[in-house]
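Let me begin by presenting the structure, written as structure tokens, before commenting on it.
The values are calculated or read from the model by the stated rules, or taken from the named source; none is laboratory data. This structure is a prediction, so every number in the text was calculated from the model and none was measured. Here the Cβ is made from the backbone with ideal geometry for all residues, glycine too, and neighbour counts use every protein chain on show.
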Amino acid sequence: MKNYINYRKVSKPLKFENFTVEIGFGSGDYLIQLAKENRDETFFGIEKSWIPINKLLKKCERENLKNIFCTKLDAYWAFQFLFRDKSVKRIIINYPDPWFKESHKEKRLTTRENLYIYGKKLIHGGAIKIRTDDYLFLNFTLEECRILESFSWKIQTPQVERPLTKYEKKWISMGKTIWELILIKEREPKPMDTRKIREVTALFPVKVDIENLCIEEICHREFKIEESLYLKCFSAWKRDNDYALEALLSEKGYLQAFLVTIKKKDGYFIIDVSKFSEILKTEGIKKSLDFLAKILRKENQ
């Protein structure tokens, strides 16, 4: 298996056991050092940008590391889609964005919903290790943690040993205080409702029984298909009687950008996802195609 995991194409969940996950690995140096020192263990990195992903992949190739894997995805969905319950032994979160504004708290990596998902994936006795220089963030994490009634914890201001992140190297030289919070799973988290997305095996094209298409009715518009499912349509391109439409779908907060093709047949149109769009096949994608077909039928009656 290659170092990069394309979560849209692999069989899910992954079959890894007792492995370490780092959320937001940045330059990748911390993860690389761990993997070099523990070549018989498996490590998994999660990032939302291609820049750190590409840096990590180059370092893995240079160091000939076969025990690191990574994916480009929001951590919440990476844990939901890819990891089996009770399969992760350690989660590392080094200096996450504290999202200082009150209105941005839901973006923090240690909300109760995120901690619940992490807890479900951890083995009994598994740990979440969080380092931060923000004491308010530390307190927030503890408050969210207590709600789940799952973890014991300890807080320390460690004499940080290698491997170090680039921020630690700088802060240690400045004499800045660093807190390390270790959450240890003692029992299963208290049940709570979470966001879930269901994959489908195939997306069938949708037939629209109309002879003429008014594409302007869906371009540059936003639609609420149902609760927590929103579709935004952008520009469309036309070639002969066929169209390609830019679309962005938010499904319970999970975003997918793709091209919708609308192709003319004998007296009707076929709506589908372009073969050039790499998507996770979900119920939301299928519903969005059905919704567009409904709009086009209605506007052409």
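Side notes on the structure shown:
- Residue in region 8-19 that is at pLDDT 95 or above, within 13 Å of Ile92 (Cβ to Cβ) and not in a helix (DSSP H, G or I) present: yes
- Residue in region 96-107 that is more than 28 Å from Ser11 (Cβ to Cβ), outside the structural domain of Leu280 (by TED's automatic domain parsing) and buried (at least 18 other Cβ atoms within 10 Å of the Cβ) present: yes
- Given (1) touching a strand residue (DSSP E or B) at 6+ places or on another chain (Cβ under 7 Å); (2) buried (at least 17 other Cβ atoms within 10 Å of the Cβ); (3) within 14 Å of Tyr4 (Cβ to Cβ), number of the condition Ile93 does not satisfy: (3)
- Selection over region 16-33 of residues that are surrounded by fewer than 19 Cβ atoms within 10 Å (Cβ to Cβ) and either touching a Pro at 6+ places or on another chain (Cβ under 9 Å) or without any contact (Cβ under 8 Å) to a residue 60 or more places away in the chain (or both) gives a count of 4.
- When Arg195 is tested against (1) under 30 Å from Pro13 (Cβ atoms); (2) in the same structural domain as Arg131 (by TED's automatic domain parsing), only condition (2) is not met.
- Among the candidates Lys298, Lys232, residue that is more than 30 Å from the chain's Cα centre (by Cα) and over 19 Å from Asn6 (Cα atoms): Lys298
- Within region 242-278, considering residues that are of a type in the set (A, V, I, L, M) and either at pLDDT below 95 or over 21 Å from Glu226 (Cβ atoms) (or both), the one surrounded by the most Cβ atoms within 10 Å (Cβ to Cβ): Ile262
- With respect to the conditions (1) over 17 Å from Lys89 (Cα atoms); (2) at pLDDT 95 or above, Gly26 falls short on a single one, namely (2).
- Inspection of region 213-225 finds a residue satisfying the criterion of being surrounded by fewer than 17 Cβ atoms within 10 Å (Cβ to Cβ), touching a helix residue (DSSP H, G or I) at 6+ places or on another chain (Cβ under 8 Å) and outside any strand (DSSP E or B).
- Selection within region 76-106 - farther than 24 Å from Glu149 by Cβ, out of contact with any Lys or Arg (no Cβ under 8 Å at 6 or more places or on another chain) and at pLDDT below 95: Phe100, Lys101, Glu102, Ser103, His104
- Scanning region 199-224 for residues that are among the polar types (S, T, N, Q) and closer than 16 Å to Phe269 by Cα returns a single hit, Asn212.
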